[in-house]
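So the structure is just underneath, and the comments pick up after that.
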Amino acid sequence: MKVGIAGFSGSGKSTVFQWLTGARPDPAASQRGQIGMARITDQRLDWLSAHFKPKKTTPATIEFLDTPGLLSSERRDNPRRLGIMRDANGLMIVLNGFSGGDLAAELRQFREEMLFADLEIVTNRINRLEDQARKPKPAKEREADQAELTLLQQVAAGFEQGKPAAALGLKADEEKAVRSFQLLTLKPQFVLVNIGDDRVGQSLPADLLPMAPQAGQAPVKLELELADLAEEDRKAFMADLGLSGFSRDQVIRDLSSAMGRIVFFTVGEDECRAWSLNQGDDAVEGAGQIHTDLARGFVRAEVVSFEDFKRVGSMKEAKTRGVYRLEGKTYVVKDGDIMHILAST
């Protein structure tokens, strides 16, 4: 999964990128975007690793793309800056929570910039379709073009009314038809308020929450500075500030949830590994995360939930107590499933 980190210049989003991935921002990549990886910590994986004592333990990961900050006064270049993350699966929108500004207004303006960028993409395609309509074409191609034109005109009208693509009530086939445009307003979003240390322990503004119910907040710069201190000094500073721990891992888990992702596990003496998957994906799609050959030759999946396995203590006991199941191709993978894929070669 790739998540684009976006926000206005001065929001501290590149600091957020470093906080999440450990990679220092590269000035040379500031205009094209910089990639970094973050591990998803999971206590379930820690428990499985302690239980199986494998040679290797591999957490699930998220790929983050740091993008150029948007300009609040000069909008001309903002569509290009936003376009860098069109191939991302979702967006993390970083708001400036350390300067005392109106966070709800900042988020509203950012979403308007996304709408404007999407409208530009759709309008360009509408203009091309209208030009093509004047040229001779086979009837089937003409019908397909007209259907696309009608749909895009409806989408553009919604954008002009301030409605993001995700709020247009597109049917499944309509959403599939516009997916190639990689519309920003169709992607899942997670809002992170980058706060200063003076706002630690305070609630988010009440007018922001209706706009972003899953929003999180973190004193990003402070946590980066604390991470560089010796352990005793860090504990003392954190106690003085009223911090019980770092918020990075929780933010990553909240982000993953907002992106509609779940985690399943494969276990054994060689490796215990967590895999990230879209919520609602089936066992074949889960097998494909492990290896394309397993998806191609899928026969069945042996499945036990993490909670059941932890309760009974072993695979043998899981089979004895009937919580170890055989599932077919249409089985929808659940968060926390431990799976063993059987496939033909």
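What do you reckon, is Val299 over 22 Å from Thr61 (Cβ atoms), touching a Leu at 6+ places or on another chain (Cβ under 6 Å) and open to solvent by 40 Å² or more (accessible area, probe 1.4 Å)? Yes, satisfied. Is it fair to say Phe110 is under 22 Å from Leu170 (Cα atoms), aromatic (Phe, Trp, Tyr) and touching a residue at least 12 places away in the same chain (Cβ under 8 Å)? No; evaluated as a whole, the condition is false for this residue. Mind checking which residues of the stretch 237-255 are at pLDDT below 90 and either open to solvent by less than 60 Å² (accessible area, probe 1.4 Å) or touching a His at 6+ places or on another chain (Cβ under 6 Å) (or both)? Correct list: Met238, Leu243, Gly245.
Quick grid of which residues meet (1) among the aliphatic types (A, V, I, L, M); (2) touching a residue at least 24 places away in the same chain (Cβ under 8 Å); (3) in contact with a His (Cβ under 8 Å, 6 or more places away or on another chain):
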position: Gly7; (1), (2), (3): no, yes, no
position: Lys13; (1), (2), (3): no, yes, no
position: Phe17; (1), (2), (3): no, yes, no
position: Ala23; (1), (2), (3): yes, no, no
position: Gln31; (1), (2), (3): no, yes, no
position: Gly36; (1), (2), (3): no, yes, no
position: Thr41; (1), (2), (3): no, yes, no
position: Thr57; (1), (2), (3): no, yes, no
position: Ala60; (1), (2), (3): yes, yes, no
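Looking only at the stretch 82-105, residues that are part of a loop (DSSP other than H, G, I, E, B) and in contact with a Gly (Cβ under 6 Å, 6 or more places away or on another chain) come to 4 in all.
For the stretch 63-85, does any single residue satisfy the condition of being at pLDDT 95 or above, open to solvent by 50 Å² or more (accessible area, probe 1.4 Å) and farther than 21 Å from Ala212 by Cα? Yes, the stretch 63-85 contains at least one residue that is at pLDDT 95 or above, open to solvent by 50 Å² or more (accessible area, probe 1.4 Å) and farther than 21 Å from Ala212 by Cα.
Just one of the numbered conditions (1) over 19 Å from the mean Cα position of the chain (by Cα); (2) within 21 Å of Gln214 (Cβ to Cβ); (3) not acidic (Asp, Glu) is not true of Leu183: (1).
Checked against the criterion of being closer than 16 Å to Met339 by Cβ and surrounded by 19 or more Cβ atoms within 10 Å (Cβ to Cβ), the candidates Ala274, Ala212, Ala258, Ala218 yield just one match: Ala274. Scan the stretch 16-32 for residues that are in contact with a helix residue (DSSP H, G or I) (Cβ under 9 Å, 6 or more places away or on another chain) and open to solvent by less than 50 Å² (accessible area, probe 1.4 Å) and the total you get is 5.
From the list Ile35, Ile126, the lone residue that is part of a strand (DSSP E or B) and of a type outside the set (Asp, Glu) is Ile35. Applying the condition of being of a type in the set (S, T, N, Q) and assigned to a loop (DSSP other than H, G, I, E, B) to the stretch 268-318 and asking which residue is farthest from Lys334 (Cα to Cα) yields Ser314.
Screening Val333 with (1) in contact (Cβ under 8 Å) with a residue 12 or more places away in the chain; (2) open to solvent by 20 Å² or more (accessible area, probe 1.4 Å); (3) aliphatic (A, V, I, L, M) gives one miss only, at (2).
For the stretch 169-194, the candidate set comprises residues that are modelled with pLDDT of 95 or more and in a loop (DSSP other than H, G, I, E, B); within that set, the residue that is farthest from Leu103 (Cα to Cα) is Gln182. Can you pull out the residues in the stretch 309-322 that are under 16 Å from Phe264 (Cα atoms) and open to solvent by less than 40 Å² (accessible area, probe 1.4 Å)? Of everything in the stretch 309-322, just one residue is under 16 Å from Phe264 (Cα atoms) and open to solvent by less than 40 Å² (accessible area, probe 1.4 Å), namely Phe309. Residues in the stretch 33-54 that are charged (D, E, K, R), buried (at least 16 other Cβ atoms within 10 Å of the Cβ) and over 18 Å from Val3 (Cβ atoms): Arg44 alone. A residue that is closer than 26 Å to Met1 by Cα, modelled with pLDDT of 95 or more and within 27 Å of the chain's Cα centre (by Cα) occurs nowhere in the stretch 143-153. In this structure, Ser11 does satisfy being in a loop (DSSP other than H, G, I, E, B) and either more than 28 Å from Met114 (Cα to Cα) or modelled with pLDDT of 95 or more (or both). Could you please find all residues in the stretch 145-168 being in a helix (DSSP H, G or I) and open to solvent by less than 60 Å² (accessible area, probe 1.4 Å)? Once the filter is applied, which keeps residues that are in a helix (DSSP H, G or I) and open to solvent by less than 60 Å² (accessible area, probe 1.4 Å), the stretch 145-168 yields Asp145, Glu148, Leu149, Thr150, Leu151, Leu152, Val155, Ala156, Ala157, Gly158, Phe159, Ala165.
The values are calculated or read from the model by the stated rules, or taken from the named source; none is laboratory data. Here the structure is a predicted model, which means the values were calculated and not measured. Please note: Cβ atoms are built from the backbone with ideal geometry, for glycine as well, and neighbour counts cover all protein chains shown. Please note that ligands, DNA and RNA were not included when accessible areas were found on the heavy atoms of the full protein model with its side chains. Shrake-Rupley method; radii C 1.70, N 1.55, O 1.52, S 1.80 Å.
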